[in-house]
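What follows draws every value from the coordinates through simple rules; no lab data is involved. All values reported here derive from a predicted model rather than from experimental measurement. Please note: Cβ atoms are built from the backbone with ideal geometry, for glycine as well, and neighbour counts cover all protein chains shown.
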Amino acid sequence: MEKKAYHQMYDFIGKTAVITGGAGVLCGEMAYALAECGANVAILDKDPSLAKRVLERIESTKGKAIAVYVDVLKRDVIEKAADEVLKAFGRVDILINGAGGNSPKATTNPEQSFFDLPEEGFRFVSDLNLLGTILPTQVFGKVMVQQKEGVILNISSMNAFRPLTRIPAYSAAKAAVSNFTQWLAVHVAQEYSPTIRVNAIAPGFFLTEQNRFLLTDKETGQLTPRGKKILDHTPMGRFGDPEDLLGAMLWLCSPASKFVTGIVLPIDGGFSAYSGV
Ligand code: NAD
């Protein structure tokens, strides 16, 4: 490889990145990073006011982005969003499926046993994480098939490798996201183009709004017993910062990883490597 090419590995100039859940804590940071690297970024999210904040941050540093309303569970809405993205930027090089999360209705606690969890909680979490990854992939993946190239990055989780206590629906749904990542990587490479790649990252524990009060006490800010247990099992001894995901994200979305497809990469401070002894 020519020396010049190394410098171009992380060059995203002229590429279009579509990020669902792009207004959220983790994916908002990814949107900003991709724009900083020169990509045109489409922030697709259900929350317009959060999306506006990410958009303004990108524009304040002269990055190029649009914010588009989407509900990842409604195919017709995703198709409309895709029309807007294509009108603005003409192509789709990267899709990050970031919309996802858990719900208190699918979380066990002393007042709510597994046996009493409502069906709607399971359905909501399972749909948001799995179907919410599949539907945008169908819509934007079709564009990549026409282009014969593209990169899809799904967001799985630590609990996909081994389920975490209390969150059965989220654990099962993220395990399904990891499985789907491998399935799709093989399918598109064999049936459409070996230059369409599909990977996932599996973040460990990042302190965000979604889990803050499972991990820290609302009043004191001290670690909850669950938060302490997690840190005790994290060799690096801390929670992740959203920035910790960026190197892996840029690598998997760039030509630097052009022979990598079908992997689920843990970013967890060593949590998954540690047996506890
Ligand atoms: P977040 O709640 O900050 O962001 C999620 C974003 O998705 C929000 O902006 C929300 O408006 C949007 N969204 C929710 N439902 C939507 C829908 N139906 N259609 C479109 N947009 C929708 O969460 P986060 O912590 O930044 O998580 C981002 C991703 O990372 C999720 O998939 C989450 O499951 C995963 N993850 C998070 C952690 C963590 O520790 N925070 C760990 C592992 C995996």
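Choose one of LEU153, PHE115, PRO136: the residue whose Cα lies farthest towards the positive end of the charge dipole of region 106-179 (beta-carbon charges +1 Lys, Arg; -1 Asp, Glu; about the Cα centre).
LEU153
For PHE206, list long-range residues whose amide hydrogen, built 1.01 Å from N in the peptide plane, is under 5 Å from its own amide hydrogen.
Under 5 Å from the amide H of PHE206: GLY240.
Name the GluC sites (Glu not before Pro) in region 82-134 that are in a loop by DSSP and that have at most 10 other C-beta atoms within 10 Å, would you?
Numbers: sites: GLU84, GLU111, GLU119, GLU120; in loops: GLU111.
Qualifying residues, ordered by number: GLU111.
Hey, can you grab everything whose amide H is under 5 Å from the amide H of VAL68? Only 5+ residues off in sequence or another chain; H modelled, so Pro and N-termini drop out.
Result for VAL68 returns ILE43, LEU44, ASP45.
Expressed as a rounded percentage, what relative contact order does region 156-237 have, with Cα pairs under 8 Å and six or more residues apart?
Details: 70 pairs, mean separation 18.6, N = 82.
RCO, region 156-237: 23 percent.
Whole-Hz Karplus ³J(HN,Hα) for region 244-255, in order, using 6.51 cos²θ - 1.76 cosθ + 1.60 and θ = phi - 60°, x for Gly and Pro?
Couplings: 5, 8, 5, x, 5, 4, 5, 4, 5, 8, 10, x Hz.
Charges at C-beta only: +1 for Lys and Arg, -1 for Asp and Glu. How large is the resulting dipole of region 119-172 about its Cα centre, in Debye rounded to 20?
Numbers: 5 positive and 4 negative charges, 33 e Å.
That gives region 119-172 a dipole magnitude of about 160 debye.
Which ³J(HN,Hα) values, rounded to whole Hz and listed in residue order, are derived for region 181-198 from phi using the Karplus coefficients 6.51, -1.76 and 1.60 in 6.51 cos²θ - 1.76 cosθ + 1.60 with θ = phi - 60°, glycine and proline given as x?
Taking θ as phi minus 60°, the curve returns 4, 5, 4, 5, 4, 5, 4, 6, 5, 7, 8, 10, 7, x, 9, 10, 10, 9 Hz for region 181-198.
Net charge near PHE124: determine it from the other residues with C-beta under 15 Å of the C-beta of PHE124, scoring Lys and Arg +1 and Asp and Glu -1. Write down the numbers at each step before the final one.
Working: positive: LYS46, LYS74, LYS105, ARG123, LYS174; negative: ASP71, GLU119, GLU120, ASP127.
Residues near PHE124 contribute +1 overall.
Between GLU149 and ARG91, how many nm apart are label points set 7 Å from Cα along the C-beta direction?
The answer from the label model is 0.6 nm.
Could you list which residues have their amide H under 5 Å from that of VAL151, counting only those 5 or more apart in sequence or on another chain, with H placed in the peptide plane?
ILE94, LEU95, ARG197
Which pairs in the list LYS15/LYS258; LYS52/LYS174; LYS15/LYS52 are over 18 Å apart, alpha-carbon to alpha-carbon?
The answer is LYS52/LYS174; LYS15/LYS52.
At 0.36 nm per residue, and after removing the present C-alpha to C-alpha distance, how many nm does the segment from GLU243 to GLU111 gain when stretched out fully?
On the way: separation 132, 0.36 × 132 = 47.52 nm, distance 3.58 nm.
Full extension of this stretch gives 43.9 nm more.
Let me check I've understood the local charge: for ARG226, count other residues with C-beta under 15 angstrom from its C-beta, Lys and Arg +1, Asp and Glu -1. What total comes out? Write out the running numbers ahead of the final one.
Values: positive: ARG166, ARG212, LYS218, LYS228, LYS229; negative: ASP217, ASP232.
Charge balance near ARG226 sits at +3.
For the chain, modelled as a Gaussian network with Cα springs under 10 Å, which listed residue fluctuates most, ASP232, ASP127, ASP71?
ASP232
As a test of the formula, what do you get for the chain when each DSSP H run with n ≥ 4 contributes -39,500 (n - 2.57) and the sum is divided by the residue count, at 222 nm and rounded to the nearest 500 deg cm²/dmol? Could you put the intermediate results ahead of the total?
On the way: 10 runs with 114 residues, N = 277.
Here the helix-only value at 222 nm equals -12500 deg cm²/dmol.
With +1 on the Cβ of every Lys and Arg and -1 on the Cβ of every Asp and Glu, and nothing else charged, how large is the dipole of the chain about its Cα centre, in debye rounded to the nearest 20? Could the numbers behind the result be given before it?
Details: 29 positive and 29 negative charges, 84 e Å.
Computed charge dipole of the chain: roughly 400 debye.
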